[in-house]
Every structure is written in structure tokens, then in C-alpha cells.
Amino acid sequence: MLFRCSLISALLLTVSGCTLTSQHQHQETLNKFDNLAAQSQQQQQALTETFTQQGATLNQLANKVTALESQLSVMQRTQAKVYANMATNPPDVKVKEKVVRVPVNDGKVILGGREFVWFDAVENTFQSRVDTGAETSSLNAVDIQEFERDGDTWVKFNVNHSENNDQPVFMEMPVKRWVRIRQSSSDSTERRPVVEAWIRVGKIHEKTEFTLADRTNMEYPVLLGREFFKDLAVVDVSQVHIHPQYQPDTPTEPGDDDTPNK
């Protein structure tokens, strides 16, 4: 009897010990999971902070790039104005002595690569580039406003350019037609108005078409294409300002016809 009681007690102690061991191991496993979860959460927070800092850095870089692009644009406009002013006031160029008589070639006037152009509409002179590679002429125009007059479409625009000391010079002209210009930097096209204007270059007094475009970043506000001079003049790109600026109160030379060419 005594032996049976001892055996039962031993069995109970063994079972109790196994139970305690199992609970201890289970608690250790739970603790490990808790530690892993805490570490994972810390790592996630660290990654979130890193991404946030990188995003802020990228935003700062983007702002710096935008500021640099703006500064570059200002520098380009300033450079263009400086070049235009230099071209407007060339040092010690005796233009009038060169053109006492306008040179001609087979009955055609000779134009230089750069010439002064007088616009009747605003009674003002502008610098122009004579471009044999361009078919049509182009005129600087900013702040273009389209309106209707007597049933026709007109445009009012500012011919403002650096050579005019940034003073606005407005023109109002009827739109003869519209053209689509493809941008060189993309496949998109831009709709631009085409106007006609009476201009003078030396002895030439003609009405010609101009495509309006923002040329404030260009060296000259006016570009003369082949449509203007193809039957009237030949171009000698080695010369500039062959013809002096037109002066309305200056009498024409004997034999010169001041009437518009037909």
C-alpha cells in the first residue's frame, strides 16, 4: 500500500514538472515573437523616416533646378538684349559713306546680312536679319490680342524688343491668314497669325507678309525671308547695313522713285 502511494506521488510530480516546462517554453516563444515584432516595427519606422528625408531632399533639388532654369532664362534674355544693343550701335561704322549710291546687281538691290527696316504702320525702324534660308518673314510680337473689326479678324500686339529700350511699340493689323508652325523640340504645332505690312529697306518699299512670333530671345526682332526680296534684291552676307536707316524727312535722291513697288 505504501509502495502504491509512493508511485502515485512520483507520477504526479513528473506530470506537474512536464506541464511547467511546457508553459515556460511557450512563454519564451511568445517573448521571441514580441521581440521580432518590435524590431520589425522599429525597422519600418526607420525606413519611413528615411523615405521622408529622401522625399524632402528630392523636393529641395527640384526647387533648386527650377530656380537655376529661371536664372538661365533671365541670363539668356539679358545676353540677347546686350547683343542687340551692340548691333544697334556699331562703333565707328561709316554707313552713309558706303551707300551714297545703292549697289545693284543686274538691276537688283544688294542687301547685307543685317539691315535696318522701317515700318510705315508705326513709323519706326527695327534691326533685321536677312535670311536666305527662310522662305517667309517673321516679326516679333508679344501680348497678342485678337479682336474683330468690321467683320474681319484683327490682332493687336507689342513689337517690343531690347533695341527699343523695352518701351512698348503696338501695332494693329488685320489677320490675312493663319499658319501652323511645328515646334522643333516636340511634335506639337502652334497656330500663328500672318499679317501684311508696308516696310522700307533702302530704296525698296514693299508690302510683305510677316508671321507673328515671340522673338524676344532672338538677336533681332525682324527676320526677312526670301518672299520679300526674291525678285527685288540679292544678298551679300559678308556685308551688313549696306543701307542707312530711313528718315521720313530726308529727300530722295534724283532718279529715285519713292512710290511703292508694285
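Throughout, read-outs are computed from the coordinates displayed, never taken from laboratory work. Quantities reported herein were computed from a predicted structural model and do not represent experimental measurements. Here Cβ is always computed from backbone atoms with ideal geometry, including for glycine, and neighbour counts include all displayed protein chains.
Normalised size of region 113-239, defined as Cα radius of gyration per 2.2 N^0.38 Å with N residues, equals 1.04. For Ser137, what is the net charge nearby, where nearby means another residue's Cβ is under 11 Å from its Cβ and Lys, Arg count +1, Asp, Glu -1? Neighbour charge sum, excluding Ser137 itself: -4.
With 25 Å as the limit, the listed pairs Lys176/Lys230; Lys156/Lys203; Lys108/Lys176; Lys108/Lys156 have Lys156/Lys203; Lys108/Lys176; Lys108/Lys156 beyond it between alpha carbons. Neighbours of Arg226 by Cβ distance under 14 Å: Lys/Arg scored +1, Asp/Glu scored -1, total -3.
Residues of region 127-160 with an amide N closer than 15 Å to a point placed 7 Å from the Cα of Glu206 along the Cα-to-Cβ direction: 129-138. Amide H to amide H, with H built 1.01 Å from N, Val234 comes under 5 Å of Val109, Ile110, Leu111, counting only residues 5 or more places away or on other chains.
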